[in-house]
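Take a look at the structure set out below.
The values are calculated or read from the model by the stated rules, or taken from the named source; none is laboratory data. Predicted, not measured: the structure shown is a model, and the values here were computed from it. Glycine also receives a Cβ, built like all others from the backbone with ideal geometry; neighbour counts cover every protein chain displayed. Ligands, DNA and RNA are stripped out before the accessible areas are found, and what is left, the full protein with its side chains, is counted by its heavy atoms. Shrake-Rupley method; radii C 1.70, N 1.55, O 1.52, S 1.80 Å.
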Amino acid sequence: MTATSPTDIPAPDVATEGSEWLTRIARSAEAVVIPLIAMVSAAILFSIFLLFLGKSPIEFFNLLWVGGYGSAFSWTNTLVRAGPLIFTALCVAIPARLGMVVIGGEGALVLGGFTAAAIAIPFLGWGAPWLIQAVMFVTAAAVGAAWIGFVGVLRHYRGVNETIASLLLFYIAVAIMNFFVEGALRDPGNPNKPSTPAIGDANMVGDIPGTDIHWGLVFAIVLAIAVWVLMNRTRFGFAARITGGNVRAARAQGLPVGRLVVVSCAIAGACAGLAGFFEVAAIQGRANASLAAGYGFTGILVAFLARQNPLAIIPVAIFLGGIAAAGGLVQRRMGMPDATVQVLQGLMFVVLLVSETLYGRLPFFRGKR
């Protein structure tokens, strides 16, 4: 037998390894640059819209900065709004790993918040605050999981489109809440606005010490990190990515596609349900029509801007939370409706969808073949 000398071992192709490294960097940059291009394009189009109305784009965007990030008070409003956006964006991002587009997180938020407030009523007056909060927390997460999990059941076992199903379930969730809030669970002491009885200040979730920001933001950030670990560092997440890439290949490998679909939707729904819990237990103190504030639909934009990455959802939610927080200032200073910022968000979403066609088409990001 002839011994193999060190000179017989092929040396690694340094040029090839360097080229692959540059290609990975370029493709990673693509996920950042294209959304930025979309945001700049949306800002330009919105500026044209403002000029058509006789308003100053410079003043508008300056007010967006001042109202969202220009002071400690602005940052407080921004971060308070960012919390529910993180929760609802996760509701979109998790099923997206399996190729599903679930847009009904608003329904899980509304129903989760309502059931959290409703379950607290029997405990008022004798239950310990920690017990009431724990019951509300579990109830909101369970109801949200069941609500969006049902979307997964319809998708896998009946072939119902998850986008349509989740959207229709949102209207059903609002109808259920209104039925009880305006009926059996209506607080007689609050005749002006139908709502459930207040859960009481003692049972509210407190603020982070030294701030006016409740603990929901911290929990949302921790949950986003946990979801990233789940979807990127576990067998469940690996199986979900395979299923999202090719369902037939996943079935051929023996993966439980149905269970993955239902469980992913259930986890997503639990995230949105927790947004409802914190809206009730940390801000409003009761359930009413204010729960349907649009966080679930803005969360869709957050998830798409973040490319369904749970970690990227955090800064994007803060960004869009700042835009929403500046709406009141724009209304007062420029004499425009508070919904003006929603027009901007809608335009951003449309341009972002159009920009999806750019992925894989720009020569700089395709790498060297």
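Here are the numbers:
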| read-out | value |
| --- | --- |
| Burial ranking of peptide ranges 200-212, 93-105 (average Cβ count within 10 Å, highest at the top) | 93-105, 200-212 |
| Rounded to 10°, Cα long-axis angle of helix 162-181 versus longest principal axis of the chain | 20 |
| Among LEU352, LEU51, LEU124, residue whose mean-square fluctuation peaks in a GNM of the chain (springs only between Cα atoms under 10 Å) | LEU51 |
| For the chain, built as a Gaussian network whose Cα springs stay under 10 Å, the top-fluctuating residue of GLY245, GLY276, GLY335 | GLY335 |
| Degrees between helix 257-278 axis and first principal axis of the chain (Cα, 0 to 90, nearest 10) | 40 |
| For LEU169, net neighbour charge (Lys/Arg +1, Asp/Glu -1) across residues whose Cβ lies under 13 Å away | -1 |
| Prolate/oblate/rounded call for the range 221-369, Cα gyration tensor, a/c under 1.5 rounded | oblate |
| Per residue value of the accessible surface for the range 165-223 (all protein chains in place, 1.4 Å probe), Å² | 55 |
| Residues with amide H under 5 Å from that of HIS214, placed H, sequence gap 5 or more | ILE208 |
| Carbon + sulfur, % of accessible area of the range 166-211 - ligands and nucleic acids excluded, 1.4 Å | 64 |
| Highest-fluctuation residue, LEU291, LEU85, LEU50 considered, GNM on the chain with Cα pairs under 10 Å | LEU50 |
| In order through the range 236-245: 3J(HN,Hα) via Karplus (6.51 cos²θ - 1.76 cosθ + 1.60), integer Hz, x for Gly, Pro | 4, x, 5, 5, 5, 5, 5, 5, x, x |
| Prolate/oblate/rounded call for the range 134-209, Cα gyration tensor, a/c under 1.5 rounded | oblate |
| Computed [θ] at 222 nm, helices only, for the chain once each DSSP H run of length n ≥ 4 contributes -39500 (n - 2.57) | -23000 deg cm²/dmol |
| Rounded to 10°, Cα long-axis angle of helix 295-305 versus longest principal axis of the chain | 10 |
| Size of electric dipole in the chain: Cβ of Lys, Arg +1 and of Asp, Glu -1, about Cα centre, debye, nearest 20 | 840 |
| Furthest towards positive pole of dipole, LEU53, ALA134, ASN288, structure part the chain, Cβ charges | LEU53 |
| Dipole of the chain, positive end: most advanced residue of LEU124, GLY237, VAL316 [Cβ charges, Cα centre] | GLY237 |
| Length released on extending from THR357 to ASN178, taking residue separation times 0.36 nm less the Cα-Cα span | 60.4 nm |
| Global geometry of the range 66-157, whether rounded, prolate or oblate, following the gyration tensor of its Cα atoms and the 1.5 cut on a/c | oblate |
| Ranked by how many other beta carbons lie within 10 Å on average, peptides 230-240, 320-330, 337-347 from highest | 320-330, 337-347, 230-240 |
| Cα→Cβ-extended label distance, 7 Å offset, between ALA134 and ARG233, nm | 2.8 |
